[in-house]
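Worksheet: the structure to be examined is printed underneath.
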Amino acid sequence: MLWLYQRTMFGDVTNPKNENLSDLGIREFATFVPLLILAVWFGLYPKPFLDRFGDIC
């Protein structure tokens with residue numbers, strides 16, 4: 001699994017069409033950061049989420 005991650009994230013660009021692609025722009029970064037914060041918060045402190053859905057299950 002680490003080999004796959006290394007090849008896809010840190011490998012050299014082998015397709016010439018992909019050489020001009022840029023990294024994340026400000027819009028993508030602004031969309032990604034709140035999702036990342038929510039995922040970390042849910043991972044560290046899931047009680048508020050689980051309490052809300054506990055009655056449904």
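Report the charge-dipole magnitude of the chain in Debye, nearest 20, computed about the Cα centre from +1 at each Lys and Arg Cβ and -1 at each Asp and Glu Cβ.
80
What is the order of W3, W41, fewest Cβ neighbours within 10 Å to most?
Ordered by Cβ neighbours within 10 Å, fewest first: W3, W41.
Using volume of the Cα convex hull per residue in Å³ as the read-out, say which of (1) 160; (2) 62; (3) 92 was calculated from these coordinates.
Entry (1).
Laboratory data are not the source of any read-out in this text; all were calculated from the coordinates shown. Source: prediction; values computed, not measured. Reconstructed Cβ throughout: ideal geometry from the backbone, glycine too, with neighbour counts over all protein chains shown.
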